[in-house]
Structures are given as C-alpha cells and as structure tokens.
Amino acid sequence: MNFPGNLKYTKDHEWVRVEGNEAYVGITEFAQGELGDIVYVDIETEGEELNKEEVFGTVEAVKTVSDLFMPVSGKILQVNPGITSKPESINKDPYGEGWMIKLSLKNSAELNELMTAEAYKTLIGH
C-alpha cells in the first residue's frame, strides 16, 4: 500500500497536498480499498468556504455511501472534473488523477494538526 511522504493525512482517511496557499484533497489508497469500486462522487460545494471537518461531499461505492470531510478550513476553488465522468480514477490513482477538490487555505496552522504518513500508517495498522 502506498503512503506518499509529501502528503498530510486525516483520521477520516483523506490526504492533503499543499502547494503554496492552496491544497489538493482526496481519499487515501486505504480508504478506496475499504470502499470498493467507486461509482459516483457528489461534490456540490465548489465556491463555498467550509470549516475543518465539515462535509464537502459524498463518495458512493457499490456497497456504501460515505461523507467526505474537510481536512482543513478553506474555500473550495475547484472540483476535479475527471472524477465526475470517471469516478473509478479514485480507485486506480487516489493520489494523482483521483484527487477530489482544490482549496485555498484559510488557516495554514491547521496543517500542523494533520498526520504524517508514518502516523497514518500506525492509525490503520500498517
């Protein structure tokens, strides 16, 4: 299983890749494996400012629907258009093509509350 060291992780199995004052967010390889085949992603919060841990959308797999939580506070600048037409890209490439949202950071200090790859591996027992 892949745990890129340049990302930050949440207890809700999201990852964050920071680029300056913006960040990309998706779900981890572990999360997509637990969910199974992803068939639909519903994110209708583009343009909204949300606080950390608020729900920004849902991901639907064959067996279940799961909420997606904001790892940090910020304004959602973009929803990945590729996951609407090809939600399976989340299963195939969760850290690349399968990213979900791009946001502008409201409070970069919140990044310090997220887990490193090592801490996340411990959380899920790897």
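Can you confirm whether region 60-76 contains a residue that is surrounded by fewer than 14 Cβ atoms within 10 Å (Cβ to Cβ), closer than 15 Å to Asn107 by Cα, at pLDDT 95 or above and not hydrophobic (A, V, I, L, M, F, W, C)?
Of region 60-76, the ones surrounded by fewer than 14 Cβ atoms within 10 Å (Cβ to Cβ) are 62-65, 67.
Adding the requirement that they be closer than 15 Å to Asn107 by Cα leaves none.
No, that holds for no residue.
Could you list all residues from region 90-113 that are under 14 Å from the mean Cα position of the chain (by Cα) and without any contact (Cβ under 8 Å) to a residue 60 or more places away in the chain?
Asn91, Asp93, Gly96, Glu97
Testing Asn6 on (1) of a type in the set (S, T, N, Q); (2) at pLDDT below 95; (3) assigned to a loop (DSSP other than H, G, I, E, B), one condition comes back false. Which one is that?
Condition not satisfied by Asn6: (2).
For region 14-31, how many residues are open to solvent by less than 50 Å² (accessible area, probe 1.4 Å), without any contact (Cβ under 8 Å) to a residue 60 or more places away in the chain and not in a strand (DSSP E or B)?
So the answer is 0.
With the checklist (1) within 15 Å of Val16 (Cβ to Cβ); (2) charged (D, E, K, R); (3) outside any helix (DSSP H, G or I) in hand, flag the one item Glu60 doesn't pass.
(1)
The values are calculated or read from the model by the stated rules, or taken from the named source; none is laboratory data. As the structure is a prediction and not an experimental result, all values here were calculated from the model. Methodologically, a virtual Cβ is constructed for each residue, glycine included, from the backbone with ideal geometry; neighbour enumeration extends over all protein chains shown. The area values use the complete protein model at the heavy-atom level, side chains included, leaving out ligands, DNA and RNA. Shrake-Rupley method; radii C 1.70, N 1.55, O 1.52, S 1.80 Å.
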